[in-house]
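Encoded as structure tokens, the structure appears first; notes follow it.
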Amino acid sequence: VLCASGGCLEQGELGRRLPGRPSAEQLTALLRDAQRFTLVRRPGPAAAAEAEVTVVVATSPVRLCPEHVAGCPGHCGRLHLCKYHLKGFCRNQVARKGCRFVHDFHSDHNLRVLKQYGLENLNRDELCQLLLQNDPSLLPEVCLHYNKGDGLYGSCSFKTSCSKLHVCQYFLRGQCRFGSSCKRSHDLLNPECFEKLERQGMSSDIIKKLPSTYRNMYDIKNGNRNIVLIVIIPLDRKPSTGQDSSATKDSESEQICLYHLYRSCGFKEKCIRTHFNLPYRWQYSECNTWKDFTNMEEIEKAFCDPKNVRFDNALIYERVSFPVCVRFHDMCCGLLKVRRLSTASSVTKPPHFILTTEWIWYWKDEYDKWQEYGKQDDLHAAATVSSDDLEKAYLAESSPKLTFKAGRHEYEINFVSMVQKNIRYRTERKICRRPKFVSQADVEKTRARGVKYTEGFKNIPAHWDKSALPELGFKLIELDCSSEEYKKVKVDFQRTMPRAAIKKICRVQNPSLWELYQWQKDLMQKSNGGKAADERFLFHGTSKKDIEAICQQNFDWRICGLHGTVYGKGSYFARDASYSDNYCGADSHTKTMFLARVLVGEFTLGSSDYVRPPMKDSQNFYDSCVNNYSNPSIFVIFEKQQIYPEYLIEY
């Protein structure tokens, strides 16, 4: 029923269309199957724009087999299908040529797979809808750079040659509040988008359905978080934006880049983070564009004090002297929306990272005064949790609640309603989260002071050149070809590249990245019961233009490009240099390749729709994905702190 209705239906309407008209209790029990259904909140009909309804989105783990033509023996548990036929336009079929891929949705193999997932009764169109909204690899990516900056192409440097869709990402999520006045395109039928979609084998019928398909796909990806909100948040209440307006819980595109803030960013205009001169940025939305307040340091100082719910003297124009009011509880300025961008939370980075945002958590006592968690005074016992403890739990999002003690009392914190409750007496107190204030003068002093080696870097390898340890950034140290270190790298490289002539091998010395890597290594060991994480040396081919950025800020597939998406969207590393050689951009007959330390940890078989490793149990995720569980040669890493780009090979 769902797949025949565009992949989703409002919950009440679904109940009315089901045979036998199940009761509300029966339908609720049925929809608890998260493998088959995703429940989300969406705005109701236009007549009741403020109301929200529960929408059920058809969900399935069934996927196409990536090894179909390569000789898959048929034990993959995935469909053997031509993806272009699925999308409506196989050129071989149109030209009446023989296609190497199967076009029969109900072949013997496919029927076995469909029965395994309970999908054998779906027709071709219904299966197409289900697969397209569940497998992100089947749909073209939306260009994130187009969605940033001003101008016809945003900040996309490829412009008309970009292979990704130039369309408003919020429109495809059903979240664009600018509507027809949005400066980004909402039209997938415009010539540029239509040509890209046709090139990928999309039929016009499929293209017309794409906005709702993309929206369903986004909701499936983020559905679990939305389900928690459905259960916990009353319909007439919204969580306060002012108390968690940090970019730490938003996409990285809304984080301020630490490297640019401190000194310089190797990714330059390709960086997905915001480049700004302060660790915070206050903006208001006017004419579909985010604009800076002129006195944002004053706004920030007011916001950092938890007793302030508003700031009455915000200035929006340099030449207009009258002030306006910024309300922190709903992040608005009159009718204008307000946002606060910030650097990453301090708990997500090692201690030596400077200019991160330190968040402080408070609770309101019986005298209406805000008290910091973990601090003791004459009237209140200290809590067993500190601001850092609460911040880590808040960002982890593993549970909407946290319990702790203060003196002889036990309390529960609800991160959604931002309330602290005494478990025995059921009394409730408001809580809030505010950043520690940092002035522009503080920023300049911190940048000038930097990070001292003796203070910040404690785990530097003994064989590193101690005279080449930058505070932030890297140095390339060319290895002596007679050294054991050089020979070890050479042997590993030439094991599968015996004919390649090595010109030089450099060690990458980046103390900040090394500390971050060691920090992650310790975390993985602790979460693994004290057992050391599986660490390997793996290859990664790249172009010369990306070397500086990788050495400075590590691998980022969103900027440096994908080496495939068959096993997930992440950074791909190979056991064999010969595989990575295929991804090295040649420049004047010279190629470059990294040999990286990689914490592969516990891994599992990858899938094209993974944007992070799947769950290995009810609380923990795998650390990485591979192409073959028993004999892996390709590893996909989704968290860059699991990587250290140790050697650069030029050949």
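Taken together, the values in this text are just the output of simple stated rules run on the coordinates, not laboratory data. All values reported here derive from a predicted model rather than from experimental measurement. All Cβ positions, even for glycine, are placed from backbone atoms using ideal geometry, and neighbour counts span all protein chains on display.
General observations
- Based on C-alpha pairs under 8 angstrom that are at least 6 apart in sequence, segment 460-650 has a relative contact order of 25 percent.
- Cα gyration tensor shape for segment 115-234, rounded if a/c is under 1.5, else prolate or oblate: oblate
- Of all lysines in the structure, the ones whose alpha carbon falls short of 23 Å from that of Lys115, not counting any fewer than 8 places away in one chain, are Lys83, Lys87.
- With the charge dipole of the chain set up from +1 on Lys and Arg Cβ and -1 on Asp and Glu Cβ about the Cα centre, the Cα lying farthest toward the positive end among the listed residues Thr294, Asn277, Pro613 is that of Pro613.
- Sorted by Cβ neighbour density within 10 Å, fewest at the top, the residues Glu650, Glu444: Glu444, Glu650
- Coil-residue chymotrypsin sites (Phe, Trp or Tyr not before Pro) of segment 572-648, DSSP, other Cβ within 10 Å capped at 14: Tyr629
- Measure of compaction for segment 459-512 (Cα Rg per 2.2 N^0.38 Å): 1.30
- For segment 474-481, the Karplus equation 6.51 cos²θ - 1.76 cosθ + 1.60, evaluated at θ = phi - 60°, returns couplings of 8, 10, 9, 10, 6, 7, 5, 5 Hz by residue, with Gly and Pro reported as x.
- For the peptides 429-438, 478-487, 302-311, the ranking by mean Cβ contacts within 10 Å, running from highest to lowest, is 429-438, 302-311, 478-487.
- Residues with amide H under 5 Å from that of His409, placed H, sequence gap 5 or more: none
- Extension gain, Asp534 to Tyr117: 0.36 nm times the residue separation minus the Cα-Cα distance gives 146.8 nm.
- Farthest toward positive dipole pole in the chain [+1 Lys/Arg, -1 Asp/Glu at C-beta], among Ser580, Gly601, Leu315: Ser580
- Helix-only [θ]222 nm of the chain, DSSP H runs n ≥ 4, -39500 (n - 2.57) each, per residue, nearest 500: -7000 deg cm²/dmol
- Eligible aspartates and glutamates near Lys616 by straight Cα distance, threshold 12 Å, same-chain separation 8 or greater: Glu602
- Over segment 3-138, relative contact order from alpha-carbon pairs under 8 Å, at least 6 apart, %: 24 percent
- Above-threshold pairs, the threshold being 22 Å between Cα atoms, out of Lys401/Lys521; Lys401/Lys640; Lys364/Lys445; Lys475/Lys544; Lys307/Lys430; Lys221/Lys337: Lys401/Lys521; Lys401/Lys640; Lys364/Lys445; Lys221/Lys337
- The convex hull built on the alpha-carbon positions of segment 162-210 has an orientation-averaged projected area of 3.5 nm².
- Sparse-neighbour loop sites [trypsin sites (Lys or Arg not before Pro); segment 140-188; at most 13 other C-beta within 10 Å; DSSP]: Arg177, Lys183
- Ala314 long-range amide H proximity, modeled H, under 5 Å: Val324, Val326
- In terms of other Cβ atoms within 10 Å, Tyr153, Tyr362 run from fewest to most in the order Tyr153, Tyr362.
- Rounded to two decimals, the Cα radius of gyration of the chain over 2.2 N^0.38 Å is 1.04.
- Filtered trypsin sites (Lys or Arg not before Pro), segment 1-102: DSSP coil and at most 14 other beta carbons within 10 Å: Arg32, Arg96, Lys97, Arg100
- Among Val636, Val626, Val611, Val142, a tally of other beta-carbon atoms within 10 Å of each Cβ gives an order, fewest to most, of Val611, Val142, Val626, Val636.
- Put a plus charge on the Cβ of each Lys and Arg, a minus charge on the Cβ of each Asp and Glu, and nothing anywhere else: the dipole of the chain about its Cα centre is then about 820 debye.
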